[in-house]
Amino acid sequence: MSWFGILSEKPWLPEAQGTAAQWGRTAYTPAVKISLRFLLGIISVFFMLFFVTFISRSQYDDFLALAGEPWQPFTHSWRLWINSGVLVLASVAMQNAVYALRRDQSLRLLCSLAAGALLAMLFIILQISVWQFLQAMGYGVAANPANSYFYILTGLHALHLLGGLVALGRVVNSLRRDGDLQNRHAAIEACALYWHYLLGLWLVLFFMLTRTPETYALIAAACGLG
């Protein structure tokens, strides 16, 4: 998305009147934070539309629920629990980077950013292994609507995480080039927030994709989609 391109820049837009020790008499909001808020809003609406169609589609007779036959692996979803744990650690590492940034601890900052990036890459690799595992067991993308939704939703999540890695790579590269922590403060905090958001989104996906047909029916009835 468009905010990736401005992470290594230094744009600042005026916000509400106030005082700020570093920026003078006027408080400023980094443009990257404004862009991130806009991006997260778009992503939220995008996935919400998918969730609505998923719940609506689950009420048709040909929809085969992920938590029951024939999607048996997700009655034992330990692989997804492992993936979730890795993404939690990635989010913790990114938050640790923010703490290091606020304390001007450059080495801790770079190590935390590297850990967050490596754990995010590990999550994507593990997610690919889940897809390969399911494919080997005969649960292909086009086998039934439930399978298709699983691959689409988890694939889109992985793509958004990959985009975050590209943005983070640009930030780290700019830090290595000029070592200016202050001018990268907003970009690093934005990356951390993006990681936290994707963790929250993944937990919602995990819940949605591993429920029973009865749970889908209750959600559909509550939303008027039954």
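The values are calculated or read from the model by the stated rules, or taken from the named source; none is laboratory data. Only a predicted model underlies this, so the values are computations on that prediction, with no experimental measurement involved. Reconstructed Cβ throughout: ideal geometry from the backbone, glycine too, with neighbour counts over all protein chains shown. These accessible areas exclude ligands, DNA and RNA; they are computed on the full protein's heavy atoms, side chains included. Shrake-Rupley method; radii C 1.70, N 1.55, O 1.52, S 1.80 Å.
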If you take the charge dipole of the range 27-222 about its Cα centre, with +1 on Lys and Arg Cβ and -1 on Asp and Glu Cβ, which of THR210, ALA142, LEU40 is farthest toward its positive end?
LEU40
Under the rule a/c < 1.5 gives rounded, and otherwise a/b versus b/c splits prolate from oblate, where does the range 27-222 land using the Cα gyration tensor?
prolate
How big is the range 138-226 in terms of Cα radius of gyration and Dmax, in angstroms?
18.8, 57
For the range 27-222, size of Cβ-based charge dipole, Lys and Arg +1, Asp and Glu -1, in debye:
700
For CYS111, tell me the accessible area in Å² from a 1.4 Å probe, rounded to the nearest 10.
80
With every protein chain left in place, what is the accessible area per residue of the range 27-222 in square angstrom, probe 1.4 Å?
46
Quick one: order TYR197, TYR216, TYR99, TYR60 from most to least accessible surface, probe 1.4 Å.
TYR60, TYR99, TYR197, TYR216
Expected unfolding gain across THR53-LEU107 under the 0.36 nm per residue rule, minus the alpha-carbon gap, is 14.8 nm
Please list 131-137, 206-212, 118-124 highest first by mean number of surrounding beta-carbon atoms within 10 Å per residue.
118-124, 206-212, 131-137
